Amino acid sequence: MTRLTHRGLTRRSLLKTSAFAAAGTLATPALLRAQSSELVIGCAGSHTAWMEEIVVPHMKEAIGADILFEGTKSSVNLEKMASNKDQPYLSVVQMDDPVMIQAVEADLLTPITAEAVPNMTDLRGDAVHMDGMWCNYVQPWAGVAYNTDYSEGVPSWDALWDPANAGQVIIPSLQNTEGMWTLFVAAMLGSGKPFSEAQYEIDAAFTKLEELKPNLLSVYSTMSQAFNLLEQGEITLLSGNFSSYTLPRKSEGVPVDLAAPKEGIFAMPSGICLVKGGPNPELAEAYVNEMLGEKMQSAIADFASSVPANTTVKAGAVIPEGVQIYSPDWAFVAANRRAWIERFDKLMAL
């Protein structure tokens with residue numbers, strides 16, 4: 001697995017409203033310089049570190065944008081977009097693929113085009129979705145995070161169910177996209193079928209999840225809080241965590257690591273899209289172009305130990321060898337997720 005170097009994270013405020021930089025210092029078109037410099041970006045709260053450390057200063061220098069970053073869950077970003085559909089305030093949203101499908105169905109996005117965003121032509125073919133409605137800009141992998149003071153590793157996902165770990169496990173809510181990994185693992189273990197078939201065996205998944213309850217300390221909706229418990233040794237295993245969070249913390253000396261269990265790991269898609277009717281559309285397109293460009297792709301992939309989408313970039317995570325990488329049927333997820341969440345919340349009321 002990739003070992004990252006310490007980067008000395010800062011916690012500068014992201015809510016910046018400073019004056020637009022002098023035109024001579026910016027390599028931006030005149031059209032952009034004539035607009036407001038403010039862009040409101042919706043993104044995952046777990047991305048705060050690299051958004052603050054890498055993206056915000058780069059966007060100020062490269063396109064003159066003052067980034068107001070709203071870090072939350074993908075489902076919350078979707079709610080914000082839908083509730084403000086007639087008068088959007090978000091310009092760009094970075095969220096997971098299954099929620100992107102819902103955003104497309106609700107007519108909340110405007111397509112990304114190669115004319116406005118030329119860097120999209122360097123992306124892998126599987127990173128551009130639904131004729132450019134969104135693109136994947138980076139892809140962490142997901143496994144089981146564990147505290148190295150109390151565990152030597154997690155060879156199998158079945159460790160989550162091991163009685164030796166009673167009260168030592170936290171899993172994500174299905175309101176969080178990473179919660180799907182535990183659901184699909186439960187489907188595989190419960191049905192005995194390969195992932196390609198097991199992902200549709202949802203009854204088997206919920207039966208297996210019920211067997212997990214004695215081992216659960218809690219179910220989280222805010223990942224950072226659960227990860228704090230893992231770091232402090234209050235729990236041993238955190239299911240469905242991803243390389244972009246665990247491995248940077250490991251590189252800073254925190255006693256955590258990310259396991260790639262033998263049954264396989266999951267690709268955690270991170271998408272970027274343009275909000276339909278959002279403010280400063282040209283500046284928003286410039287932001288997306290930078291996010292898909294070589295410099296940002298390399299920096300984010302290295303910082304977050306993730307796989308870049310840009311084919312010209314060689315930086316980022318080393319995918320663990322010898323394990324299968326799964327990507328589920330996101331259309332199936334999007335069509336059924338609301339019902340699954342209701343069922344999960346009733347089952348997992350602790």
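Using the charge dipole of the chain (Lys, Arg: +1 at Cβ; Asp, Glu: -1 at Cβ; taken about the Cα centre), state which of Ala204, Val185, Ala304 has its Cα farthest towards the positive end.
Result: Ala304.
Check each of the trypsin sites (Lys or Arg not before Pro) in the stretch 263-337 and keep only those in coil by DSSP with at most 11 other C-beta atoms within 10 angstrom; list them in order.
Lys314
P(r) for the chain, please, calculated from all Cα pair distances in 10 Å bins and given in %.
Going out from 0 Å in 10 Å bins, the chain shows 5, 25, 34, 23, 10, 2, 0 percent.
Compute, for the chain, the length of the dipole vector about the Cα centre, with Cβ point charges of +1 (Lys, Arg) and -1 (Asp, Glu) only. Units Debye, rounded to 20.
Dipole about the Cα centre, nearest 20: 520 debye.
Given the rule -39500 (n - 2.57) for each run of at least 4 DSSP H residues, summed and divided by the residues of the chain, what is its mean residue ellipticity at 222 nm, to the nearest 500 deg cm²/dmol?
-9500 deg cm²/dmol
Calculate, in nm to one decimal, what Asn84 and Lys262 gain on full extension: separation in residues at 0.36 nm each, minus their alpha carbon distance.
59.7 nm
Once both labels are modelled 7 Å past Cα along the beta-carbon direction, what's the Thr113-Ser251 spacing in nm?
Going by the 7 Å Cα→Cβ label model, 3.8 nm.
For the chain, build the charge dipole from Cβ charges (+1 Lys, Arg; -1 Asp, Glu) around the Cα centre, then report which of Met291, Phe69, Val138 sits farthest towards its positive end.
Phe69
Among all the aspartates and glutamates, which ones have a C-alpha under 14 Å from Lys80's C-alpha, if same-chain residues fewer than 8 places away are not counted?
Glu70, Asp107
On full extension of the chain, what length is gained from Lys276 through Thr207, given 0.36 nm per residue of separation minus the C-alpha to C-alpha distance?
Here the segment from Lys276 to Thr207 would lengthen by 20.8 nm.
Under 1.5 on a/c is rounded, so check that first for the stretch 33-124, then, if it is not, pick prolate when a/b is larger than b/c and oblate when it is not; a ≥ b ≥ c are the square roots of the alpha carbon gyration tensor eigenvalues.
Taking the square roots of the gyration eigenvalues as a ≥ b ≥ c, the stretch 33-124 is rounded.
Can you say what percent of the DSSP beta bridges in the chain, counting only those with both residues inside, are antiparallel? Round to 5.
60
What longest range of the chain stays clear of loop-exposed GluC sites (Glu not before Pro) (DSSP non-H/G/I/E/B, at most 11 other C-beta within 10 angstrom)?
Details: sites that count: Glu115, Glu152, Glu321.
Longest stretch, sites excluded: 153-320.
Which of Pro248, Asn280, Leu238 sits farthest toward the positive end of the charge dipole of the stretch 220-285, with +1 on the Cβ of Lys and Arg and -1 on the Cβ of Asp and Glu?
Checking the options against the dipole of the stretch 220-285, the answer is Leu238.
Over the Cα atoms of the stretch 213-288, what is the Rg over Rh ratio if Rh follows Kirkwood? Before the final figure, lay out the partial values.
Values: Rg = 17.4 Å, Rh = 15.4 Å.
Here the Rg-to-Rh quotient is 1.13.
Identify the residues of the stretch 187-225 with backbone N under 18 Å of a label point that sits 7 angstrom from the Cα of Asp329 along the Cα-to-Cβ direction, or state none.
187-206
How fast does the stretch 125-227 diffuse by Stokes-Einstein, in µm²/s, taking the Kirkwood radius from C-alpha pairs at 37 °C and 0.692 mPa s?
For these conditions, the coefficient is 216 µm²/s.
If the limit is 19 Å between Cα atoms, which of Lys262/Lys314; Lys208/Lys346; Lys208/Lys250; Lys73/Lys346; Lys193/Lys262 go over it?
On the way: Lys262/Lys314 26 Å; Lys208/Lys346 15 Å; Lys208/Lys250 31 Å; Lys73/Lys346 21 Å; Lys193/Lys262 15 Å.
From the list (Lys262/Lys314; Lys208/Lys346; Lys208/Lys250; Lys73/Lys346; Lys193/Lys262), the Cα-Cα distance tops 19 Å for Lys262/Lys314; Lys208/Lys250; Lys73/Lys346.
Rule-based calculations on the coordinates, nothing more; no lab input. The structure displayed is predicted, hence computed values, not measured ones. Note that we place each Cβ from the backbone using ideal geometry, even for glycine, and neighbour counts take in every protein chain shown.
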